[in-house]
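Chemist: The structure under discussion is supplied below as structure tokens; questions concerning it will follow.
The values are calculated or read from the model by the stated rules, or taken from the named source; none is laboratory data. Remember, it's a predicted structure, so these values are computed and weren't measured experimentally. Note: ideal-geometry Cβ built from the backbone for every residue, glycine included; neighbour counts use all protein chains shown. Side chains included, ligands, DNA and RNA excluded: accessible areas come from the protein's heavy atoms. Shrake-Rupley method; radii C 1.70, N 1.55, O 1.52, S 1.80 Å.
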Amino acid sequence: MDRTTRKLADLTRRLTFDDLPKTALEAAKARILSTLAVSLAAFDMEPVRISRKLAQPVAAGPAATIFGSLARTAPDMAAFVNSAMVRSLDMSDTYVMAAVSHPADAFPSILAVAEAEGLNGRELLLATALIYEVQCRFVEVVPYNERGWDQTPVVALGAALGCSRLLGLDDKQIENAIALAVVPNLALNQTRTGMLSMWKGMAGPQGARAGVFAAYLAREGMTGPDGVFEGKYGLWKQMMGGESYDLPLPDRFDGHTFAVQQTMIKSFPTRFNCQVPVFAAQRLRSMIDVADIESLKIESIRQAFARWLDAPEIWKPETRETADHSLPCTVAMGLLDGTITPRMMEEARFKDDDVRALMAKCAIDLPEEFARLAPATRCCRLTAKLKNGETVVASYRRSLEEDIADPGWPQAVDKFSTLTRERLPARAREQLIERVANVEREQRVDSIIQLTALE
């Protein structure tokens, strides 16, 4: 097996629950609660409804539960449907460095396996830390998006390793799970180009499903190809043009900041890099009457938006998947309404005349000063020229250090309460928050999943 495969398998085998500091456990719990929140809020969305139709009940063998309906199906299909819920709002946590990671996409895979195998909350927390570590360290150094590839194999890799740990696979089986997850699941970044389709939110779920399938195949003795990364036709050669990468996986865990502590929990149902611009829009809104804007200059980070500037669909989005990736659209909605909510996106607020009229007043600049700070610091500056000739400026920045310093539990609780208020009875909401807060005490993860039953 190649060096990268061995490193990943070694991390999977070495990491234990006792290696996780309190800060990492708190961060993991916050991200689990955030993930459950966005999942239940997305239950009725069309991509989720379509996915649920394909999840057939099982009569024998391992089974796992679909959030909300509590229907029982095969673990890989439960992972697919539940991950579709995680992604459909585009409101789960995100990590953006050399490429983009939505690590929570893989969480339903480990939850499905933990449920199917009767495992406990400590094992789920360990697997959560592992899926985050694998995916986030990969995107720290491998710029696969700019090479034209999507995140499916990275989610599949994280999911396969988390599931491998839960299934107690040995070294050889873990290496096979890696191969079986990555090699069959390379995905084109055409998914996120042009007018975006439902599949924009389904590429991650496909990886989650593939990771579960790969781990179970490996447990039963299925072998995968050698040279997944460094081979003649491996990932580095085929996906990255022959350039090799050394994944920054930890050799030791004392003093280590885990990736699960580093992701940003989203506040709005928009693309990650549109979060800071919406916060900037909220600031500007508090300073002016939006109706007085004559023109608006939006400045943000080049790495995030350069390839979108000339795309006509970004300036006149027709789908929610395109709207939540549009810098001028999300800024306009934030200015006009003070926030962006799932309901606004579902009701196509982005098509309204006042949103389109404000977008027409926008111009975008991607200054070098912001490019130098990214991706560790995300910046946005809004400069509004008013009808009376006055100029008003509002800025917002968010750094990786701030993400790490805030485990995110209060934000996750508020997010869960807000998104599930019309979905779950008050008592069920309180119980779910309490069980996630103390998930390491749960003898089986089923107890959490059963509380997701929708009214």
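Chemist: Just to be sure I follow the rule: in the stretch 304-455, considering lysines 8 or more places apart or on different chains, how many pairs have Cα atoms under 22 Å apart?
Modeler: So the count works out to 5.
Chemist: Now for a separate question. What is the antiparallel percent of DSSP beta bridges lying wholly in the chain, to the nearest 5?
Modeler: 85 percent
Chemist: Ranked from the most accessible area to the least, with a 1.4 Å probe and all protein chains present, what is the order of Glu117, Glu133?
Modeler: Order by accessible area, largest first: Glu117, Glu133.
Chemist: Relative to the Cα centre, what is the charge dipole magnitude of the stretch 191-322, using +1 at the beta carbon of each Lys and Arg, -1 at the beta carbon of each Asp and Glu, and rounding to the nearest 20 debye?
Modeler: With only Lys, Arg, Asp and Glu charged at Cβ, the dipole is about 240 debye.
Chemist: Working from Cα positions, state the angle (0 to 90°, nearest 10) between the long axis of helix 327-337 and the longest principal axis of the chain.
Modeler: Between the helix axis and the principal axis of the chain, the angle is about 70 degrees.
Chemist: Net charge near Val260: determine it from the other residues with C-beta under 10 Å of the C-beta of Val260, scoring Lys and Arg +1 and Asp and Glu -1.
Modeler: For residues surrounding Val260, the net value is -1.
Chemist: Per residue, what accessible area does the stretch 264-313 have, given a 1.4 Å probe and all protein chains present, in Å²?
Modeler: 39 Å²
Chemist: Which number gives the lysine pairs in the stretch 186-306 that have C-alpha atoms under 30 Å apart and are eight or more places apart or on different chains?
Modeler: The result is 4.
Chemist: Compare Ser267, Ser39 by solvent-accessible area with a 1.4 Å probe and give them largest first, with all protein chains kept in place.
Modeler: Largest to smallest exposure gives the sequence Ser267, Ser39.
Chemist: Of Gln411, Val58, Ala208, whose Cα points farthest to the positive end of the dipole of the chain (charges on the beta-carbon: +1 Lys, Arg; -1 Asp, Glu; origin at the Cα centre)?
Modeler: Val58
Chemist: Tell me the relative contact order for the chain as a rounded percent, counting alpha carbon contacts under 8 Å between residues six or more apart. Walk me through the numbers on the way to the answer.
Modeler: On the way: 916 pairs, mean separation 95.9, N = 455.
Value for the chain: 21 percent.
Chemist: Using the alpha-carbon atoms, what tilt in degrees (0 to 90, nearest 10) does helix 121-141 show relative to the longest principal axis of the chain?
Modeler: 60 degrees
Chemist: With only Lys, Arg, Asp and Glu charged, each at its Cβ (+1 for the first two, -1 for the last two), find how big the charge dipole of the stretch 255-403 is about the Cα centre; round to the nearest 20 debye.
Modeler: 200 debye
Chemist: I've got another one for you. Based on the mean of other Cβ atoms within 10 Å per residue, sort peptides 169-182, 374-387 so the most packed one is first. Walk me through the numbers before you get to the answer.
Modeler: On the way: 169-182: 23.7, 374-387: 18.9.
Those peptides, ordered most packed to least, come out 169-182, 374-387.
Chemist: While we're here: To the nearest 20 Debye, how big is the dipole of the chain about its Cα centre, given +1 on the beta carbon of each Lys and Arg and -1 on that of each Asp and Glu?
Modeler: Charge dipole, the chain, about its Cα centre: 360 debye, nearest 20.
Chemist: Taking the mean number of other Cβ atoms within 10 Å as a proxy for protection, how do you rank 310-318, 4-12 from highest to lowest?
Modeler: Descending mean neighbour count gives 4-12, 310-318.
Chemist: Keeping every protein chain in place, order Val393, Val141 by accessible area at 1.4 Å, biggest value first, i.e. largest first.
Modeler: In descending accessible area the options line up as Val393, Val141.
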